[in-house]
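The values are calculated or read from the model by the stated rules, or taken from the named source; none is laboratory data. These figures come from a predicted structure and were not determined experimentally. Cβ atoms come from the backbone with ideal geometry, glycine included; neighbour counts cover every protein chain shown.
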Amino acid sequence: MRKTLIILALIGGTLGTYAQTVEELKADMAPKKDSLVAIQSRINAIQKKINAMPGWKIGAFGTIGGSISEFNNWFSKGIPSSSAGNIGFTVNSYANLKDDKFFWRNAANLNLSWVKIDDKNDPTDDDTFRQANDVFNIISLYGHRLNKKFAVSTLGEYRTTILSNFNDPGYLDIGVGATWTPIEDLVVVVHPLNYNFVFSKGDTVFESSLGAKVVADYTRQIGKISFKSNLSAFQSYKSADYSNWTWTNSFGYTLWKMIGVGFDFGLRQNKQEALNYALNNQTLPGPTPTFDTVDNKLQTYWVLGLNYSF
């Protein structure tokens, strides 16, 4: 009995010492956490001052995603024996020159992906990788400052696909107007005088026209989070049928060093592209599609995968 009491006393003393030690460690850790927060706040303040200084600012981040699968005699699916795969990536890069009297902002966006599915029971099927997403966009904006928030500016923007229909169509916007920078990371461009050059091969529905250009871009990094949102819209003065807009978004969260998870999505409406697709893919007999009858559906894409920040 005496031995039992001694053992229980020792266990109780050990647990009490352990509990006391844990509480002491937690109490000792609390002010250190506060110190880390204070240090990070000072680092963020210094970084903000660095970003506000004149000179070049260059950076890039992107997302890569992919998957592979294989089924054998899985009779509950339409193709019991098959292998499939997909891979895609996006890259967002920028090079911005900042000065007290002017600025020059340059950015590029690339989004490519491929998919394949191989029916092992059909030797005639296409088992190669085929293109899925295909987006390329480059933009350059120069502005002469009137004050800290407003500038007279000129912009050039080029958009196309590059895997199979390079420059068919391709869009080149060149215009002049004003740029508003209300905060450090937001740029709003309004160019009432802009010409939208549309390049295409053969006899197509695409047509160039004069119009107004609006671009809004917000790019920022907060700690481990980086994101970019860009809206580019053209309103044709000749006809609303020649107008178009594209909105792309990229998000990244760093998990370890420069590696994390990323999500990209984009939206677009372009009636010229919709009509061109309808004319090239009309299989059923019926009236020929026109601008008045074509269904100008919303175009979308998204990519989810690993993210890498440069």
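In the set GLY170, GLY177, GLY143, only one residue is within 17 Å of THR246 (Cβ to Cβ) and either in contact with a Leu (Cβ under 7 Å, 6 or more places away or on another chain) or buried (at least 17 other Cβ atoms within 10 Å of the Cβ) (or both); that residue is GLY170. Scanning the range 180-203 for residues that are of a type in the set (Ser, Thr, Tyr) and crowded, with 16+ Cβ neighbours inside 10 Å, we see that the one that is nearest to GLU273 (Cα to Cα) is SER200. None of TRP74, TRP104 is of a type in the set (Phe, Trp, Tyr) and either part of a strand (DSSP E or B) or in contact (Cβ under 8 Å) with a residue 60 or more places away in the chain (or both) except TRP104.
Out of all the residues in the range 206-215, is one or more surrounded by fewer than 16 Cβ atoms within 10 Å (Cβ to Cβ), under 23 Å from PHE102 (Cα atoms), in the same structural domain as LEU141 (by TED's automatic domain parsing) and of a type in the set (Val, Ile, Thr)? Within the range 206-215, none of the residues are surrounded by fewer than 16 Cβ atoms within 10 Å (Cβ to Cβ), under 23 Å from PHE102 (Cα atoms), in the same structural domain as LEU141 (by TED's automatic domain parsing) and of a type in the set (Val, Ile, Thr). For the range 141-173, the tally of residues that are among the small types (Gly, Ala, Ser) and within 12 Å of TRP104 (Cβ to Cβ) stands at 4.
Criterion first (modelled with pLDDT under 85 and closer than 30 Å to PRO169 by Cβ) does THR124 satisfy it? Considered against the rule, which asks whether it is modelled with pLDDT under 85 and closer than 30 Å to PRO169 by Cβ, THR124 comes out as no. Whether any residue in the range 206-217 is touching a Pro at 6+ places or on another chain (Cβ under 9 Å) and under 30 Å from ALA60 (Cα atoms) is what I want to check. Yes, there is a match, as at least one residue in the range 206-217 is touching a Pro at 6+ places or on another chain (Cβ under 9 Å) and under 30 Å from ALA60 (Cα atoms). Pairs meeting the criteria (first residue in the range 261-280 and in contact (Cβ under 8 Å) with a residue 40 or more places away in the chain, second residue of a type in the set (Val, Ile, Thr) and not in a strand (DSSP E or B), beta carbons under 8 Å, at least 6 apart or on different chains) are GLN272/VAL205; LEU275/VAL205; LEU275/THR290; LEU275/VAL294; ASN276/THR204; ASN276/VAL205; LEU279/VAL205; LEU279/THR288.
LEU163 satisfies every condition listed in (1) assigned to a strand (DSSP E or B); (2) without any contact (Cβ under 8 Å) to a residue 60 or more places away in the chain; (3) within 24 Å of ASP264 (Cα to Cα) except (1).
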